[in-house]
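What follows is a set of notes on a single structure, which appears directly below.
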Amino acid sequence: MGFDNWDEIRTAYQVARVGTVSGAAEVLGVHHATVIRHVDALEERLGTKLFQRHPRGYTPTEAGQQLLAVGQATEDQFAQLAARIAGAGEEVSGELIITSLPTLSGFVLPALSELMQDHPGLKLHYLTDLRVFRLEYGEAHVAIRAGGRPTEPDNVVQPLGAHQAALYASAEYIERHGQPDPANLAGHRFIGPEQRDSRAPFFRWMADNVPPAQVVFRANDPEGQQAAVRNGIGLGFVPALEGRADPRLIEVMGPRPEWESPLWLVSHVDLHRTPKVQAALKALKARAARCEML
C-alpha cells in the first residue's frame with residue numbers, strides 16, 4: 001500500500017516519539033490541529049489505531065510501536081545519507097575535468113599523473129581544444145588558459161606563469177638544408193598554422209618576419225605542426241619544455257619574450273574551494289614551480 005502524503009507518516013512518527021500532540025507540533029513547526037488531522041487521516045488509511053489517547057498525551061499501540069521503529073530507522077538512514085553527501089564534498093575523489101590548449105599537454109600531464117597517484121579515487125578527464133570551455137556551464141572544473149587575463153564573471157583567476165615556445169628543426173632537416181642562422185633565415189622552409197591570423201604570439205612573429213613563400217607546410221592543430229617539425233619538413237615552433245626534452249629536435253632560436261603567452265588557472269567560484277579542485281590547482285602550481293620553462 002502506498003501513501004500519497006508522507007507528511008502524515010512523519011507527523012505520526014513524531015507523535016509516537018515525543019508522546020504529545022503539542023510536542024510534535026513544536027518539533028514540526030505546525031499547529032497542533034494539523035498534527036491531530038494528520039494522525040486521524042493516517043489511522044483511517046491504515047484501518048487501525050496507532051495511539052491510545054489519554055489526558056497526558058498519546059501512547060503508541062502495537063501498530064504505533066511498529067511505526068516508531070520504522071520511523072527511527074528511516075531517520076537514521078537519512079542522517080547517514082546526509083553525512084555521506086557532506087563527506088563526499090570533503091573527499092578528493094570522483095570525476096574531475098581539466099581543460100587546456102593542446103600545446104600544454106607536456107606540462108599538464110605530469111602534474112595530473114602525480115595528482116592521481118596522490119588521490120587514486122579521482123577519475124580525470126583531460127580536454128584539449130582551442131575553444132574556451134565554459135566553467136559556468138559545468139564543461140570543466142579547472143581551465144588553463146593562455147593570453148589575456150580571463151574576465152568572465154564568477155571565475156577565480158590565478159596566474160600560472162608563461163607559455164614559452166622556441167623555433168626547432170630536426171636533425172634530418174639540418175642534414176638536408178644546413179644549420180639555420182638565426183640572424184638570416186632566408187631560404188629556409190617553415191611550418192605554420194592553417195589559420196593565417198593566429199593569435200599565438202610566435203605565429204604573429206612568423207607572419208611579420210617570414211615571407212609567405214617560405215611557409216611551405218600548414219596544419220590546423222599544434223600536434224600536426226610539431227609532427228611536421230619532427231619529420232624534417234621545416235622549421236617550426238614547439239613548446240620549449242617539450243623541445244628541450246626531445247633528442248630528435250635541435251633548437252634554432254631559443255624562447256623570446258615576444259613569443260610568450262601568459263598562463264592562467266581558472267576555476268568557478270562555486271567549486272573553487274572544493275577539495276578536488278584545490279588539489280588540482282595545487283598540483284598544477286607545483287608543476288609550474290618546478291619547470292624552468294612552461
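The values are calculated or read from the model by the stated rules, or taken from the named source; none is laboratory data. Not measured: the values here are computed from a predicted model. Positions of Cβ are generated from backbone atoms using ideal geometry, with glycine treated the same way; all protein chains shown enter the neighbour counts. Remember, those area values only see protein heavy atoms, side chains included, never the ligands or the DNA or RNA. Shrake-Rupley method; radii C 1.70, N 1.55, O 1.52, S 1.80 Å.
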So which GluC sites (Glu not before Pro) in the range 152-225 end up in coil per DSSP with only 13 or fewer other C-beta atoms within 10 Å? GLU194
Which percent of the accessible heavy-atom area of the range 1-70 goes to carbon and sulfur, probe 1.4 angstrom? 52 percent
LEU67 accessible area, 1.4 Å probe, all protein chains in place, Å² to nearest 10: 30 Å²
Any residue on another chain or 5+ positions along whose placed amide H is under 5 Å from the amide H of VAL215 is listed here as PHE190
Accessible area of the range 94-293 with a 1.4 Å probe: how many percent of it is carbon plus sulfur? 50 percent
Rounded to the nearest 10 Å², the 1.4 Å probe accessible area of ARG17 is 110 Å²
From the convex hull of the Cα coordinates of the range 148-284, what is the mean projected area in square nanometres? 9.5 nm²
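Provide the gained length on full extension for the span LEU127 to ALA227, in nm with one decimal, where the gain is 0.36 nm per separating residue minus the Cα-Cα distance.
34.0 nm
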With every protein chain left in place, what is the accessible area of LEU235 in Å² (1.4 Å probe, nearest 10)? 0 Å²
Taking the chain and counting helices only, DSSP H stretches of n ≥ 4 at -39,500 (n - 2.57) each over all residues, the nearest-500 ellipticity at 222 nm comes to -13000 deg cm²/dmol
Please list, in order along the range 6-11, the HN-Hα scalar couplings obtained from phi with the Karplus expression 6.51 cos²θ - 1.76 cosθ + 1.60 (θ = phi - 60°), rounded to whole Hz, x for Gly and Pro. 5, 4, 5, 5, 4, 5
Hey, of [x] 154; [y] 139; [z] 181, which did the structure itself give for volume of the Cα convex hull per residue in Å³ when calculated? [z]
Using alpha-carbon positions, what is the distance between the centroids of the range 1-75 and the range 159-190, in Å? 82 Å
Would you rank GLU62, GLU152 by solvent-accessible area, highest first, keeping every protein chain in place and using a 1.4 Å probe? GLU62, GLU152
Leaving ligands and nucleic acids out of the surface, order HIS32, HIS54, HIS141 by accessible area at 1.4 Å, largest first. HIS32, HIS54, HIS141
Out of VAL18, VAL266, VAL92, any idea which swings most in a Gaussian network model of the chain, alpha carbons joined below 10 Å? VAL18
Using only Cα atoms, figure out Rg for the range 6-85 and give it as a multiple of 2.2 N^0.38 Å. 1.09
Amide hydrogen neighbours beyond the local backbone of LEU122, cut-off 5 Å, H modeled: GLY94
Suppose accessible area is computed on protein heavy atoms with a 1.4 Å probe; arrange LYS285, LYS276, LYS123 from highest to lowest. LYS123, LYS285, LYS276
Specify the residue with the greatest mean-square fluctuation among LEU96, LEU241, LEU68, computed from a Gaussian network of the chain linking alpha-carbon atoms under 10 Å apart. LEU68
Give me the distance between the Cα centres of the range 198-260 and the range 106-134, rounded to whole Å. 25 Å
Any residue on another chain or 5+ positions along whose placed amide H is under 5 Å from the amide H of THR61 is listed here as PHE51, GLN52
Using every alpha carbon pair in the range 214-294, what percent of pairs falls into each 10 Å bin from 0 up to the bin containing the largest distance? 14, 35, 28, 18, 6, 0
On average, how much accessible surface per residue is there in the chain, in Å², for a 1.4 Å probe, leaving out ligands, DNA and RNA? 55 Å²
